[in-house]
Amino acid sequence: MDLKPEEHPKGSFILIMIFFATFVLFYLLNWKYLSELWLVG
Amino acid sequence: MSVTSPQPGWWSTPLHREEKIWITIAVLWCVFITLAMPWWHIFGTQNSSQEYYTINPDDYGAVVDKFIEQYTVGEEAGIPVVAPPAGADMFLRAQQWMWDPILKLKKGESYRLHLSSMDTLHAMSIYPINMNFEVVPGWDYVLTLTPTTSGEFNIICNEFCGIGHHSMIGKIYVES
Amino acid sequence: MSSWNYRTCPTTGFKIHDKAETLIQFNAVTSIVFLLVGGIVGLTLALTRWQAVHLLNDEWFYRFLSLHGIAMLVAWIIFFEMAVLYFASAVILNTRLAAPWVGWLQYLLMLGGGALVAVMILTGNADVMFTSYVPLKAHHLYYLGIIVFAVGAILGCVVFFATLIVAKHEKTYTGSLPLVTFGAAAAAIIAIITLSCGAIVFIPTWLWAAGIIPVMDSEVYRLLFWGFGHSSQQINVCAMVSIWYLLGTLTVGAVPVNEKVCRTAFVLYILFINIASEHHLLVDPGLSAAHKSWNTGYFMHLAVLASMIHAFSVPAATEVALRKQGHTRGAFEWLKKAPWGNPAFSSLVLSLIGFGFLGGITGVIYGTEQINIIAHNNLRIPGHFHATVVAGTTMAFMGATWYVLPLIFRRQVVAPGLASLQPWLFGGGMMVFSTAMMFAGGFGVSRRSWDMNGVDGPFQVNFGPIVDLSLAVMGISAVVAALGGALFCLLAVATLLFGKKINA
């Protein structure tokens, strides 16, 4: 569909960016937790 | 509307700017998280082991008994305490509903830990560090393990194995 | 063309085949009965894991845990999905349901199988958990009950596809399938593959439990089971996402912003989730790291991409619809002015946050090959899936019910004020519940355990006050969520019995 400038989903874009930032943060944090474990392989 | 047929030509509708940006980010992220796993196998120090063998539970039981006989240094709560040398193969036995033997290890030394079950599925969760691996009857799972902290640790079974599941707790000592 | 009785819905204009409508009603009501049973049992479980209360004894904890898994993951959800399939085919396409007698066979087999499974569990013949990992053994009728249930579900999918063919042939719609029906078709395709995996794992297990063949290898069982087990969750994801688009349309008149994007994402689900069950086997012996990474990475993450796409498309469609209504000030006026009083709308939003934010992020993380070492089998896992299946899928299905009641059952929802409150109690409660579980799990508290301290064993473990607090939060939020669930069932039943009839 064609959207006028004021109809663009700006709010959803901000929300998904917040989602993405949280995702990246929590993901990297868990790798850090893993690295503090005993060595195993 | 989502409950009516889309407009003809929906396949050629161009994407909007926000969609294009988000899909690009999402694709790049998915590629990144996929590559992270092999990357950690090469550069990281905590990986799931790729060494495993099939084994009959009775044969495994015999190997564990021999290991206990060879390296026993004491006993606690009726379970033998065993101190294997660095680099040794050590064997942990899971069965309804106990772990044996109790292992006495040295911090910074590397060991080959064998895991198997005599009966049902169990899982080893080392408390309080929260390291978890599945323990499977018919399979000898070998982890190359190096404790990096010392103290008293417990092995909690965290795979449901029957009515005594919650009591199935073992012990590991790591000396500095 | 055979003659069939229908009515025209005054609100939507759909032509509704009376036989389709009856099947929708029976499956929907039955699903809510299982939801109620599973929910009551779930509350007792939470009040047991909250060790300060420790409600059940060990035997009944493990028994109710087995029942809770089956009642919720299998019975409640799949019965509701059968209703969704009949709706998405016969109602949305304005067509007659193909072979309604097969639909009735679907219903009776699922009801009979489900009842048999429940009886087996409650009589202590199947204390094996939803996963029934061999060599834990249940009475052979337990496995037979699951097989019969699965056959019924496959028949429901067959009726769905046959109805799509009838609609195409009798030209009851023009152009491409509507998005909700497309999504339901994706769910049904995954269902057929999933249930076939189920047959491959449950038939030999049934025969072993009946003493006819030897037991299969535990690791082989796990691989096959999760071929059924995880894929069945993807049926739920597809159905839930279809419902998201449906709710967007019904609550604010949302139109998918780009149909190509949405449909491609559904196709990604079909192609890549069926093979991606090895994230349950990441810390198991028997598979190489290359195999596990490839399965988790290439396959699973392409399905994750599909979810990330829908995570934007659904809110975007909602936002565009509200902006077109004139709410264009700033970035969020549309959100403030959205119909929050409509329980279907708040259910949609809560479901998006629960599934995507809480469940999705944690699922991808815990399912990463090496990170699984600190997640496997502790409370992080049920924390994750209560966010996806309960705060996500179940919340969305509840949201849809607020339209099913007036449009299919033709009864006005009683106590609309309480109905508006219900999603917040249930969804909010569940999100706190999930978070508390994941927090406790991070400290190593085990899942599926009656007593985390190891009370009867050779050694005891003490997790400390932070974990005790976290389990108390888990217990209390479970009570709130259970109130929300009970309120849902109460309002649904009260509406069916006492709601003002809407005459068409």
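Read the figures in this text as sums done on the coordinates, not as results from a lab. On a predicted model such as this, the values are computed, not experimentally measured, just so you know. Glycine gets a Cβ as well: all are built from the backbone with ideal geometry, and neighbour counts include every protein chain shown.
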Original post:
Among C:437-443, B:156-162, how do they line up from the highest to the lowest mean number of other beta-carbon atoms within 10 Å?
Top reply: B:156-162, C:437-443
Original post:
What is the gain in length, in nm to one decimal, between B:Thr149 and B:Asp119 on full extension, counting 0.36 nm per residue of separation less the C-alpha to C-alpha distance?
Top reply: 7.7 nm
Original post:
By what distance, in whole Å, do the Cα atoms of chain B stretch along each of the three principal axes, largest value first?
Top reply: 78, 36, 28
Original post:
Which log10 I(q)/I(0) values, to two decimals, does chain A give at q = 0.24 Å⁻¹ under the Debye formula with one point per Cα?
Top reply: -0.81
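Averaged over its residues, how many other protein chain Cβ atoms are within 10 Å of peptide C:128-140's Cβ atoms? Walk me through the intermediate numbers first.
Numbers: counts 3, 2, 0, 3, 0, 6, 3, 6, 6, 1, 0, 0, 0.
Mean inter-chain Cβ contacts per residue within 10 Å come to 2.
What is the stretch C:404-504's relative contact order, in percent, from Cα pairs under 8 angstrom and six or more apart in sequence? Kindly include the intermediate steps, with their values, before the conclusion.
Numbers: 101 pairs, mean separation 53.3, N = 101.
Across the stretch C:404-504, relative contact order equals 53 percent.
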**OP:** Would you mind giving the mean number of other chain beta-carbons within 10 Å of the Cβ of each residue in A:18-28, as a whole number?
**Re:** 5
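Divide, for the stretch C:2-51, the radius of gyration over alpha carbons by 2.2 N^0.38 Å, where N is the residue count.
Against the compact-globule rule of thumb, the ratio is 1.93.
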Original post:
Per residue of chain B, what 222 nm ellipticity follows from adding -39500 (n - 2.57) for every DSSP H run with n ≥ 4, rounded to the nearest 500?
Top reply: -8500 deg cm²/dmol
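Using 0.36 nm per residue of separation minus the Cα-Cα distance, give me the extension gain between A:Glu6 and A:Trp31 in nm, one decimal.
Values: separation 25, 0.36 × 25 = 9.00 nm, distance 4.09 nm.
That pair, A:Glu6 and A:Trp31, stretches by 4.9 nm at full extension.
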**OP:** For C:Trp101 paired with C:Lys336, estimate the spin-label separation in nm (one decimal), with each label point 7 Å from Cα along the Cα-to-Cβ line.
**Re:** 6.1
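For a distance above 46 Å, tell me the whole-number percent of Cα pairs in chain C that qualify.
Numbers: 10574 of 126756 pairs.
Summing the P(r) of chain C above 46 Å gives 8 percent of all pairs.
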Original post:
How do B:66-72, C:386-392 rank on mean C-beta neighbours within 10 Å, highest first?
Top reply: C:386-392, B:66-72
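Using alpha-carbon pairs under 8 Å, 6+ residues apart, how would you state the relative contact order of the stretch B:51-175 in percent? Kindly include the intermediate steps, with their values, before the conclusion.
Working: 306 pairs, mean separation 33.6, N = 125.
Relative contact order comes out at 27 percent.
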**OP:** Could I get the Rg over Rh figure for the stretch C:334-387? Both from C-alpha atoms, Rh via Kirkwood, rounded to two places.
**Re:** 1.19
Original post:
Where Rh is the Kirkwood radius over the Cα pairs of the stretch C:8-102, the temperature 25 °C and the viscosity 0.890 mPa s, what D in µm²/s does Stokes-Einstein return?
Top reply: 161
Subject >> Crossing angle, helix C:259-273 versus chain C [Cα axis fit, 0-90 degrees, rounded to tens] >> reply: 30
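Percent relative contact order of the stretch C:1-136, based on C-alpha pairs within less than 8 angstrom and at least six residues apart? Intermediate values should be presented prior to the final figure.
On the way: 146 pairs, mean separation 44.9, N = 136.
With pairs under 8 Å counted, the relative contact order is 33 percent.
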**OP:** Would you kindly give the portion of the calculated P(r) for the stretch C:308-465 that falls above 20 Å, as a percent of all Cα pairs?
**Re:** 61
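Equivalent ellipsoid semi-axes for the protein assembly as shown, as square roots of 5 times the alpha carbon gyration tensor eigenvalues: give them largest first, rounded to whole Å.
Numbers: eigenvalues 414, 154, 108 Å².
Taking √(5λ) for each eigenvalue gives 46, 28, 23 Å, largest first.
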Subject >> Value of [θ]222 nm, deg cm²/dmol, for chain A, DSSP H segments ≥ 4, -39500 (n - 2.57) each, nearest 500 >> reply: -22500 deg cm²/dmol
Original post:
How large is the dipole of the stretch B:51-175 about the Cα centre if only Lys and Arg carry +1 and Asp and Glu carry -1, each at its Cβ, rounded to the nearest 20 debye?
Top reply: 340
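Give the value in nm², to one decimal: projected area of the alpha carbon convex hull of the stretch C:40-166, averaged over all directions. Display every interim value, and only then the final one.
Values: hull surface 34.9 nm².
Over all viewing directions, the stretch C:40-166 projects a mean Cα-hull area of 8.7 nm².
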Subject >> chain C - mean residue ellipticity at 222 nm from DSSP helices (-39,500 (n - 2.57) per run, n ≥ 4, rounded to 500) >> reply: -21000 deg cm²/dmol
